[in-house]
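This report refers to the structure that appears directly beneath it.
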Amino acid sequence: MLGEILLSKITKEIDLYTELLSIYKENTILGNVNGLVFWDYEVMMPKKASEQRAEELALLSGLIHDRVTDPKIGNLLKEIKAHPNFDKLKDFEQRNIVLIQRDYDKETKIPTSFAQELSKHSAISTQKWKEAKSKADYSIFRNDLEKMIDLKKQEAAYLDPEKDPYDVLLERYEYGFSKAIYDKIFDEIKTGLIPIINSCVESKNQPDDSLILREVPIEVQNTIAHDLAKLVEYDFNGGRIDVAVHPFTTGYYDDVRFTIEYSRNNFTNMFYATMHEAGHALYDQNLPSKFKYQPVGSGASSAMHEGQARFIENIIGRSPEFLEFYLPHLKKLTGKIFQDVQPEAFIHAVNKVSPSKIRVQAEPVTYSLHIIVRYELEKELFNNKVTVDELPSLWNEKMKDYLGIDITNDAEGILQDTHYAWGLFGYFPTYALGSYYDDQILTALEKDIPDMNEQMRSGKLTNILKWLNQNIRNLGSLYDPLDLIKKISGNEFSAKYFIDRTRKKYSKLYGF
Amino acid sequence: MDPIKNLFTFYEKLLAVYEEIIVLETISSTLNWDVDTFMPKIAITQKSKQLELMAEFIHKRKTSSAIGELLEEVTEHKYFTDLDYAKQRNVLLIKREYDKYTKVPEHIEKAFTKQKAITYEKWQIARKKADFKFYENEQEKLIEIVKDRAHYLNPDKNPLEVLMDLQEPGLTLQKLKDSFNELKKGLVPLVSACINSSSQPDLTLINRFCSKDIQFQIALDQAAVLGYTNGRIDTSVHPITYTYYDDTRITTRYDENNFTQSFYSVMHEIGHALYGQNYPSEYKYQPIGTASSGGMHEAMARFVENIIGRSDAFWEFYFPQFQRLTGNIYSDTKLDKFIHAVNYVQPSKYRVEADEVTYTLHLIFRMDIERALFDDKITVAELPVVWNQKMDEYFNINICNDAEGVLQDMHWPYAAFGYFPNFAFGNIYDGQLFWKMTQELQDWKESIKEGKIISIINWLKKNVYQNGCLYDSSELMKRVTGKEVSSKYFLEYLKNKYTQLYDL
């Protein structure tokens, strides 16, 4: 009798769990539909269809929102957690519950009317931002930016009224992070990085970047892109490369597509866009198939995803070893264009360090400082220590302080990114974090594959890629990013690996 | 509340529910297009899940009690008949759809969906094996369910008529019999006259090697000539059109040893596309903002493909351009020989390969068979034998195995009974529209010869495209041509054309 009751309880619990997961699965599929519709919008759609497409996207996001905030999810979560047999669920099943709960909280703590107001204001402020940027006139955007900041503070209060609003936003985009952690990291980075940058800039040994600015026909660049993607084992049976204005990756498991862009006079744009997006795509193509359509069957975090993209782009793609291997290939594919180019000069040209005004054009060394400028300003904004009116001049001051750059108008300063118009405060740090994760992960990878550099030099990437599969991609989001880093490297997360590696690599290149 | 205002509120609510359904359908359409064109190979399972989910969403909404209740509020409202015609038509169309989906009990619907999938899958294998027996039982089961379903939809009518009515509202078995008898009487002698004529086309002309690249350039040029802008042309195994107003895409396929494959696919699909791009914009996202029927859609495709694209006037205009685009492939070819070659008449085993004259006969004998099946005059087991007899009777063709015979179409294993008349009525509508057009546009031939095909398209636009689904096709034909639907115009068109081509 007792056995029977217990059995029925377990069965019931399984039913609850199965029901919850099946809701999640449907929502994931709906998200995939949304992804394809968006891809089509960016890549294939006849121009005139944009209004129709907007209707479709609006309907889908409405449907998705209704479904992820369905009180049924909340009730199921409650029942499952309160169930006496909850502990009998396997670890990954319990992890699924945790992740669904997190999402559900994020989505439901914000009242629908407020979410609508926010998305309406995003549309308006994005319009204003575009106008302001094209006219290099901050005053056009100012009021809407101020309102956006107020709205984001309110949003943070909805999510967690007890906590500091900027902390809430930071954690929203990367689980486990806070001002305290970022402050520490970014101080370390500033102290470590600025002298390295100065040494590079002041070195007598400067690269000749005209080498990489030679014209390469688009068809040839297209061939190179496909060649590179194959080399890093991107699966074309489950993906494709197209052209779009902004490179991006979208998809899920068996259907992961990315886009690149070509500039005739700088093939490295295509080259590194391909490596970067292929890195994102590889993560999604190699997520654990046994967890498909489950919360654990997705990437560990935004920054980890960015890290995987930058791993292929920078750790492999900008390494002297890989470039040494690839140059002969490149020569073959491009005919006579690079015939006279020597490996050493090529490697240095690709790895040129030079402070610039625009974040998206920054190379891997100065990139972090662009992020720090943004982080510091956002932090002060949300602490009410800085006003919206002071933003442009403070931006310019910091750019001067950290990068020695003079910003002459706001279009190339505070107005350069679209993020603030969308209300993405607290998001920029995840971009930098990806690279810090990479260098710490690398310490473990080098232990397992000591001759990694030699392998890259001979174009043998398989072992490295396999290692990334086993240690990161195949783990989905079984672990939060900080736990995953610790599990892989055996150490607490730290930015020191990034600084050490940067110093080592660039002192060699620049001879200091 | 003011009762008429009250009615408007219900009406608006009903239309709002429907708009969401239509948007979901456009999303499905994009997913399907992706499957046909650019989807990575291994993504098919993932993609089917997406399509299934969308289908489920659409089905749930179409059968929702909300629609049922709103329909009742609106149609039983005492001022309903005071609504303007377009609004009443919207309500009627929603009601038709609602009835179609809700009159059949759920367990029958489920059994139907399941049996359809099984039958279709087995048929695919049967076709590969050229063995009808392999799927015969499943086809039998499927027909029983199809009859059952039809009975639920309308117990008072012949089940085949019920199914035909879903495709072409108002089409009865009697009307079908009458038109088809007339067509058969006219077509059979015409075909034999053509094949027995001493003037025969040189078919090697269409089999000259023409590279994919050239054919692609020609496809783009065809689009320009026909005024198909703001749409895509891609490649897929079976040419197809996805169209809803501003988002319209066609596909084609290239055979380097037969340029007509792509050429006439592009003409055909652009015919569909122009219809879809020109539904009345004020009715977008409303039930009336679509085609009048499947048959009318087919008519618009064939009008561009055959009436325009296979006419001598068209080739008089286009041939020099075609010669230029194809390099020296056709530099030695005489125009009249070329025109005859693209208009050859030759009985064939396969419907999809049939020419303009024999095509309709393929449909007629299929409907002979469907009628006999639904009247229990023949059994499923007898299908192959009956099929082969018909091929012999109509075309004097000997069928050696089921793959090239009864197994060639996906329609029966997919439960699409009563569907073939769509194709036939496409032709019948075209003949009648063409007759009317020649009366209204006296200089139509000159227009085409000068390359002003747009003036023909504009006539279609005014008379067909812009009417959306305001009228059922038979009603639309009456309004446009002033006559009841009749096969005689199509027959007349064919007789005139082929008498000249074949020197009859």
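Looking at the structure I just gave you, is residue B:316 surrounded by fewer than 20 Cβ atoms within 10 Å (Cβ to Cβ) and assigned to a helix (DSSP H, G or I)? Judged against the criteria, residue B:316 is a match. Selection within the stretch A:243-255: residues that are in a loop (DSSP other than H, G, I, E, B) and more than 13 Å from chain B (Cβ to nearest Cβ). The member of this set that is surrounded by the most Cβ atoms within 10 Å (Cβ to Cβ) is A:247. Among the residues of the stretch A:58-68, those that are crowded, with 16+ Cβ neighbours inside 10 Å and more than 9 Å from chain B (Cβ to nearest Cβ) comprise A:64, A:67, A:68. Does residue B:427 meet the test of being at pLDDT 95 or above and farther than 30 Å from residue B:124 by Cα? Considered against the rule, which asks whether it is at pLDDT 95 or above and farther than 30 Å from residue B:124 by Cα, residue B:427 comes out as no.
Quick test of your reading of the structure: residue A:352 fulfils all but one of (1) part of a loop (DSSP other than H, G, I, E, B); (2) free of Cβ contacts under 8 Å to residues at least 24 places away in the same chain. Name the failing condition by number. The single condition residue A:352 does not satisfy is (2).
Would you point out which residue out of B:465, B:498, B:493, B:489 is touching a helix residue (DSSP H, G or I) at 6+ places or on another chain (Cβ under 8 Å), modelled with pLDDT of 95 or more and within 22 Å of residue B:228 (Cβ to Cβ)?
On the way: B:498 fails: within 22 Å of residue B:228 (Cβ to Cβ); B:493 fails: within 22 Å of residue B:228 (Cβ to Cβ); B:489 fails: within 22 Å of residue B:228 (Cβ to Cβ).
B:465 is the lone residue from the list that is touching a helix residue (DSSP H, G or I) at 6+ places or on another chain (Cβ under 8 Å), modelled with pLDDT of 95 or more and within 22 Å of residue B:228 (Cβ to Cβ).
For the stretch B:1-16, taking the residues that are hydrophobic (A, V, I, L, M, F, W, C) and touching a residue at least 12 places away in the same chain (Cβ under 8 Å), the one that is farthest from the other protein chains (Cβ to nearest Cβ) is identified as B:4. Going by what's in this entry, would residue A:197 be described as away from chain B (no Cβ under 14 Å), hydrophobic (A, V, I, L, M, F, W, C) and under 24 Å from residue A:510 (Cβ atoms)? So residue A:197 fits the description; yes. When residue B:312 is tested against the conditions (1) touching a residue at least 12 places away in the same chain (Cβ under 8 Å); (2) more than 28 Å from residue B:273 (Cα to Cα); (3) not β-branched (Val, Ile, Thr), the lone failure is (2).
Here is the figure for the stretch A:435-458: residues that are surrounded by fewer than 23 Cβ atoms within 10 Å (Cβ to Cβ) and either in contact with a strand residue (DSSP E or B) (Cβ under 8 Å, 6 or more places away or on another chain) or among the small types (Gly, Ala, Ser) (or both) total 2.
All told, residue B:41 falls short of being among the basic types (Lys, Arg), crowded, with 16+ Cβ neighbours inside 10 Å and in contact with a helix residue (DSSP H, G or I) (Cβ under 6 Å, 6 or more places away or on another chain). Only one of the listed residues (B:460, B:476, B:504) is outside any helix (DSSP H, G or I) and either more than 26 Å from residue B:338 (Cα to Cα) or modelled with pLDDT under 95 (or both). That residue is B:504.
Out of the stretch B:389-419, which residues are in a helix (DSSP H, G or I) and either small (Gly, Ala, Ser) or closer than 26 Å to residue B:118 by Cβ (or both)?
Taking the stretch B:389-419 first, the residues in a helix (DSSP H, G or I) are B:389-395, B:402-404.
Answer for the stretch B:389-419, where residues must be in a helix (DSSP H, G or I) and either small (Gly, Ala, Ser) or closer than 26 Å to residue B:118 by Cβ (or both): B:402, B:403, B:404.
For the stretch B:246-262, enumerate the residues that are away from chain A (no Cβ under 12 Å) and of a type outside the set (Gly, Ala, Ser). Within the stretch B:246-262, B:251, B:252, B:253, B:254, B:255, B:256, B:257, B:258, B:259, B:260, B:261 qualify. Taking the criterion of being more than 22 Å from residue A:289 (Cβ to Cβ) and either more than 9 Å from every other protein chain (Cβ to nearest Cβ) or among the aliphatic types (A, V, I, L, M) (or both), the residues of the stretch A:25-50 that qualify are A:37, A:38, A:41, A:42, A:43, A:44, A:45, A:49. Of the residues B:204, B:229, which single one is more than 21 Å from the chain's Cα centre (by Cα), surrounded by fewer than 18 Cβ atoms within 10 Å (Cβ to Cβ) and within 14 Å of chain A (Cβ to nearest Cβ)? Exactly one of B:204, B:229 is more than 21 Å from the chain's Cα centre (by Cα), surrounded by fewer than 18 Cβ atoms within 10 Å (Cβ to Cβ) and within 14 Å of chain A (Cβ to nearest Cβ), namely B:229.
Within the stretch A:217-242, being among the aliphatic types (A, V, I, L, M) and either within 13 Å of another protein chain (Cβ to nearest Cβ) or surrounded by 15 or more Cβ atoms within 10 Å (Cβ to Cβ) (or both) holds for A:220, A:224, A:225, A:228, A:229, A:231, A:232, A:241. Can you find, within the stretch A:222-255, the residue that is farthest from residue A:30 (Cα to Cα) among those that are touching a Lys or Arg at 6+ places or on another chain (Cβ under 9 Å) and among the polar types (S, T, N, Q)? This residue is A:237.
Of all residues in the stretch B:328-368, exactly one satisfies the criterion of being farther than 30 Å from residue B:407 by Cβ and modelled with pLDDT under 95, namely B:328. Residue B:64 passes every criterion in (1) more than 28 Å from the chain's Cα centre (by Cα); (2) surrounded by fewer than 17 Cβ atoms within 10 Å (Cβ to Cβ); (3) over 24 Å from residue B:289 (Cα atoms) apart from (3).
The values are calculated or read from the model by the stated rules, or taken from the named source; none is laboratory data. Just so we're clear, the structure is a prediction, and the values are computed from it rather than from any experiment. Backbone-built Cβ (ideal geometry, glycine too); neighbour counts: all protein chains shown.
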